[in-house]
Number of protein chains: 2
Amino acid sequence: MECLEVEQAAKLLLEQDWILILCHKNPDGDTIGSGFALCRALHQLGKHAAVLCGDNVPRRMAFAAADLDETLRISPKQARYVVSVDIANTSLMGLVLSDYQQEGAVDLAIDHHPSHSGFASNLLLRPEEAANCQIIYELLLAMGVEITPEIASCLYLGLSTDTGCFRFSNTQPRTHQLAARLMEAGADWFEINRNMFEIKTRSQIALEQKALRTLRFFCGGRAAALVVTRQMLQETGASMEETEAIVNVPKSIEGVEIGATLKEQPEGGFKVSVRTGEGVDACEICSAFGGGGHKRAAGCQIMQTLDETMLRLCKKFEEVLS
Amino acid sequence: MECLEVEQAAKLLLEQDWILILCHKNPDGDTIGSGFALCRALHQLGKHAAVLCGDNVPRRMAFAAADLDETLRISPKQARYVVSVDIANTSLMGLVLSDYQQEGAVDLAIDHHPSHSGFASNLLLRPEEAANCQIIYELLLAMGVEITPEIASCLYLGLSTDTGCFRFSNTQPRTHQLAARLMEAGADWFEINRNMFEIKTRSQIALEQKALRTLRFFCGGRAAALVVTRQMLQETGASMEETEAIVNVPKSIEGVEIGATLKEQPEGGFKVSVRTGEGVDACEICSAFGGGGHKRAAGCQIMQTLDETMLRLCKKFEEVLS
């Protein structure tokens, strides 16, 4: 594996054609934005390219994939060069991309995860970047690509979603500087933020309401937990995907340092999402139950009844907060 | 009244001392940020200055007023020069600032509202700025003030709150450029955004839950309304101030173009907050009931029973959407 600078990666890509771009499963705005910005850039240069995503492109991000140049699209089989974007390791490829999990299947990985496992022949890794789209932007400039409104929108999507609309601790001055440039280049920033951060479906609202009734506080109000049962999903028609926003609710309550959301699983037990404030390590909490993640956001699975799961979590919260 | 450029206003302020800065009643982040950034700047220059606010500084913004240089603070009576910030007209001064409502009482008004009424002897008005704090930043630079972390935090507060954390349609490339500079200058941006946009009180959560039970859709889902009754406030211990976040909920539901929140008033009747999507004029809706406001956010008061109020609104919504 060779580690590249942006200019080297740009040179490599300029030499290639028939390029397939891989986005990770459960795609977020950063992998989708990175993938389609790069694809549009390659089309602009007259190269044949397409995006292959580990799961369907979420409806709210469909604009990124819209109106691509059909004459330059390729099928996965036609690919002569494979690039992954925002994929930290091969397990994030999922079933759809399983052909690309073997060594040497990916020619170039472009990523910003510090935990990147190094599965590709060439690697452009910049772990200091808030969003992978920040790297793609530099890459496109190095390739001499014009930042069209469509490309700007893709890049803004990644920038905005990976930083929680400029609120997460990873946000950098550079993130804002780039946002300004993308606005000037014609990014549809208002609609992107509205769709990604504001709009909720009716079933999401109904689910949130039901889940909020289960809100419980522990440790004198320093910890709080919500439960999402399968029955709630059935009754409201909400999908598991639509529980995304809910997991941030317990932690958003004044005085709460540990927020947990317990999601009942089809196979029994609960998936637990933990969000913490400064001074509390979410990853440490989840590791105790065989899970993991980041300092402020982590997850684990506990194969127990609801009461037993709550009890175990509560004990751990008390331990961590004392 | 004389209209000034930034450099002229800077020169004027540099010639003055014993300066009183006025912030409007029901203070938001932009008036508080503007007021205390300017006050800190004047203190840095060795001038005597203080902020007088039309209402108490909200707890979430208390940092802006913390640790001021006591040796340079003045009482309102000591003031020899009066500056208003982010005040569009004298009715926004309220009881506390009623002494300054008469003509000539304010020496310099610094504002960004297009509707500014022109009540001061000198006016620095830049209606093209997303936040008044953007003007204050230019002013401080022109005055040769060093942007300390404390000043940067005050300015970031105004920037971020007046643009809904860079999401409202008034956000400019310039807003992001300035955010980058303020981050570099040491603004406590993470905590500011957390306090202004994320944290809810327990009573707010409880109130939201109760209010959500009243959610009704009209016009085939293109309009939605919530009710906040006085009983809900009593039962949850929430204040009217804490209904701020709720008024955005109906409009945030997928497919909804008009969102209304009806707040029961102590004197009877309902205060109605209306939020609309593109293509629907909230101000037009509220004007029909004697109210007013902006295109996307407006308000009115309807002195009727709940059913009658809903009926009238629904009729108006149908008219506007047809």
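The values are calculated or read from the model by the stated rules, or taken from the named source; none is laboratory data. None of these values were measured; they are calculated from a predicted model. Positions of Cβ are generated from backbone atoms using ideal geometry, with glycine treated the same way; all protein chains shown enter the neighbour counts. These accessible areas exclude ligands, DNA and RNA; they are computed on the full protein's heavy atoms, side chains included. Shrake-Rupley method; radii C 1.70, N 1.55, O 1.52, S 1.80 Å.
On the basis of being within 12 Å of another protein chain (Cβ to nearest Cβ) and either under 25 Å from residue B:161 (Cα atoms) or open to solvent by 30 Å² or more (accessible area, probe 1.4 Å) (or both), does residue B:222 make the cut? For residue B:222, the condition - within 12 Å of another protein chain (Cβ to nearest Cβ) and either under 25 Å from residue B:161 (Cα atoms) or open to solvent by 30 Å² or more (accessible area, probe 1.4 Å) (or both) - is not met.
Selection of segment A:42-87 for residues being assigned to a helix (DSSP H, G or I), among the aliphatic types (A, V, I, L, M) and under 24 Å from residue A:241 (Cα atoms) yields A:61, A:62, A:64, A:65.
Listed here are the residues, each with its yes/no results for (1) surrounded by fewer than 16 Cβ atoms within 10 Å (Cβ to Cβ); (2) touching a Lys or Arg at 6+ places or on another chain (Cβ under 7 Å).
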site	(1), (2)
A:53	no, no
A:75	yes, no
A:81	no, no
A:88	no, no
A:92	no, yes
A:106	no, no
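When segment B:126-137 is filtered for residues that are assigned to a helix (DSSP H, G or I) and open to solvent by less than 10 Å² (accessible area, probe 1.4 Å), the ones remaining, listed by number, are B:132, B:133, B:134, B:135, B:136.
The residues of segment A:178-191 that are open to solvent by 10 Å² or more (accessible area, probe 1.4 Å) and either at the interface with another protein chain (Cβ under 8 Å from one of its Cβ atoms) or in contact with a His (Cβ under 9 Å, 6 or more places away or on another chain) (or both), listed by number, are A:181, A:183, A:184, A:189, A:190. For segment B:138-174, the candidate set comprises residues that are within 8 Å of chain A (Cβ to nearest Cβ) and part of a helix (DSSP H, G or I); within that set, the residue that is nearest to residue B:10 (Cα to Cα) is B:174.
When segment B:178-227 is examined, which residues are found to be of a type in the set (Gly, Ala, Ser), in contact (Cβ under 8 Å) with a residue 24 or more places away in the chain and in a helix (DSSP H, G or I)? Walk me through it before giving the result.
Within segment B:178-227, the first condition is being of a type in the set (Gly, Ala, Ser), and the residues that meet it are B:179-180, B:185-187, B:203, B:206, B:211, B:220-221, B:223-225.
From what is left, the residues that are in contact (Cβ under 8 Å) with a residue 24 or more places away in the chain are B:185-187, B:203, B:206, B:211, B:221, B:223-225.
The answer is B:203, B:206, B:211, B:221.
Checked against the criteria, residue A:200 does not count as of a type in the set (Lys, Arg), within 20 Å of residue B:200 (Cβ to Cβ) and buried (at least 20 other Cβ atoms within 10 Å of the Cβ). Yes or no: residue A:194 out of contact with any helix residue (DSSP H, G or I) (no Cβ under 7 Å at 6 or more places or on another chain) and more than 7 Å from every other protein chain (Cβ to nearest Cβ)? Yes: the conditions hold for residue A:194.
Every residue in segment B:108-125 that is in contact with a His (Cβ under 9 Å, 6 or more places away or on another chain) and either part of a loop (DSSP other than H, G, I, E, B) or crowded, with 22+ Cβ neighbours inside 10 Å (or both), please. It would help to see each step written out before you state the result.
Taking segment B:108-125 first, the residues in contact with a His (Cβ under 9 Å, 6 or more places away or on another chain) are B:109, B:123, B:125.
Within segment B:108-125, just B:109 meets the criteria.
Within segment A:161-177, being under 14 Å from residue A:135 (Cα atoms) and surrounded by 24 or more Cβ atoms within 10 Å (Cβ to Cβ) holds for A:162, A:175.
Taking the stated definitions as given, is residue A:209 polar (S, T, N, Q), within 10 Å of another protein chain (Cβ to nearest Cβ) and over 24 Å from the mean Cα position of the chain (by Cα)? The answer is yes for residue A:209.
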